[in-house]
Amino acid sequence: MFDRLTSLFFALCLASLVWLYARSRDQEILDHVPIPVRISLPPSQADQYELEVQGESQVLATFTGTPARIRELRGILQRGELRVDSTIVVPESRLKDDRFFETIVVENPDLPTPQGVKVTLVPGHNRLRVVLHRLMDKQLPVRFDNSLQGQSANVTIEPKGVQVRGRQAVLGRTDAIPTQPWILPGPAEGDPASAVAARVPLVTELEGTRITCEPNQVLVRLGRPMARKVYELTDVPVHFLCPAGQTLRPRFVNERGSRISLKITGPAQDEPPKVFAFVDLTRGTFRPGLHEELLQLQLPPGFQPFEESASRISFELQAPETPSRMGPPLP
């Protein structure tokens, strides 16, 4: 009796193994298949945010099933009909934030596969990091970018301001919207006083982020060239620009080096322009003793030196409480 039961047990085990083997031979596997993920916002928030996915907007999945079911799945994949749809809702308490971060975790039931096909998402490849950038509209004045002109131009812009839409974090610190770099045509031949105008498009990006403008171009009119004038400035004081914490005290070699005379050219105006002349000690390493450095000028916008010349200033750097060979320090 015992022998019969033992024989029956082994027969059932053998039959189970044969069935499992036959079953495994009847299965096919599609491994590490990329599945696109479509992320959306509810209609009430869709036009308030710009969605950014950090990385690829897809997950990896492995599919197991009979050859017939796998063939059906291959057709679905080729037609692009298999994807994951996910909706993000920004909580009311975060609606005023510039950015909102969210992590989407895709689970096996989220993939609508044919019946009889088993899906397994690859661990570590079923998460998506999403950033939602709050959008805003802002009225901004237009600034003509004349960097290609090579010189400043007297222009008028119509309209003077436009409506700009973009990320709240970027527009919040923007005070003007530039045009694209543009070269305006010259006046008509034989008529230097003729009006010149051109339609100039506005930029489509700020700080590497996309923006839209309404209207997206402006009319730029070139006026008559601004009158220029040469200014002779005398007795301009020379300053030292020192780094924070410097203990060495700069002194001019002589009284004449502390003030200079120079010519600059720029737009005609009643008052002479204010010029800041200085020696820059913030760059490089200086030790006590005599030195000679280039004089640098800080000029108002639209002004430039009348003659390009490299003036050098002689001075002494003295350690604290050390007698100067050049006499008492200048006030």
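Have a look at Gly257, Gly223 and point out the one that is at pLDDT below 90 and under 38 Å from the mean Cα position of the chain (by Cα).
None of the other options fit; the residue is Gly223.
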Taking the range 227-256, which residues are surrounded by fewer than 13 Cβ atoms within 10 Å (Cβ to Cβ) and assigned to a loop (DSSP other than H, G, I, E, B)? Ala227, Pro243, Ala244, Gly245, Thr247, Asn254
When (1) surrounded by 13 or more Cβ atoms within 10 Å (Cβ to Cβ); (2) outside the structural domain of Cys213 (by TED's automatic domain parsing) are applied to Asn108, the one that fails is (1)
In the range 64-81, anything assigned to a helix (DSSP H, G or I) and in contact (Cβ under 8 Å) with a residue 24 or more places away in the chain is listed as Pro67, Arg69, Ile70, Glu72, Leu73, Arg74, Ile76, Leu77
Taking Phe278 as the residue in question, decide whether it is out of contact with any Ser or Thr (no Cβ under 8 Å at 6 or more places or on another chain), closer than 21 Å to Leu317 by Cα and surrounded by 13 or more Cβ atoms within 10 Å (Cβ to Cβ). yes
Restricting attention to the range 267-276, does a residue exist that is in contact with a strand residue (DSSP E or B) (Cβ under 8 Å, 6 or more places away or on another chain), of a type in the set (A, V, I, L, M, F, W, C), assigned to a strand (DSSP E or B) and modelled with pLDDT of 90 or more? yes
If you go through the range 111-138, how many residues are in contact (Cβ under 8 Å) with a residue 60 or more places away in the chain, surrounded by fewer than 14 Cβ atoms within 10 Å (Cβ to Cβ) and closer than 18 Å to Gly166 by Cα? 0
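The values are calculated or read from the model by the stated rules, or taken from the named source; none is laboratory data. Nothing here was measured: the structure is a model prediction, and the numbers come from that model. With ideal geometry, Cβ positions are generated from the backbone for all residues, glycine too; neighbour counts draw on all protein chains shown.
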